[in-house]
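Okay, so here's the structure we're looking at.
Rule-based calculations on the coordinates, nothing more; no lab input. Predicted model only: the values in this text are computed from it and were never measured. Note that we place each Cβ from the backbone using ideal geometry, even for glycine, and neighbour counts take in every protein chain shown.
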Amino acid sequence: MMLEAGSRERSLRALVSFSGLLRTLYPGSLYSVLMARGWESKSVEEQVEQQRSSEPAKVGKLTPDQATRERARAALELQRERVLDERTSNPIRRKALEAALAEIEAKLAAL
């Protein structure tokens, strides 16, 4: 059944007014899930600002020396995880991994 132009306009206006009513009565409900993304989205800058404001503020800045130690610690922890994730049935390779793990753990203890 084809609607006349005037009838389509009235239907569209009714739909728009109904969606406004839903938005008012049920903010954050299923309406927002079903609505096309970007119809009523915030601008990118607002989203970035909101993300920044929700992050906890850093207590203090690290000195260059502390930052270097933190980077070294993070790198060693990543190396340690990689070594722990490796699996092998070769006894020679297993001994090499155990030696590497011992060395990494010694360096971590020294930091």
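General observations
- For the criterion of being of a type outside the set (Lys, Arg) and exposed (fewer than 13 other Cβ atoms within 10 Å of the Cβ), Leu84 passes.
- Candidate set from the range 58-81 (those that are more than 25 Å from the chain's Cα centre (by Cα) and either of a type in the set (S, T, N, Q) or surrounded by 11 or more Cβ atoms within 10 Å (Cβ to Cβ) (or both)); member that is nearest to Leu111 (Cα to Cα): Arg69
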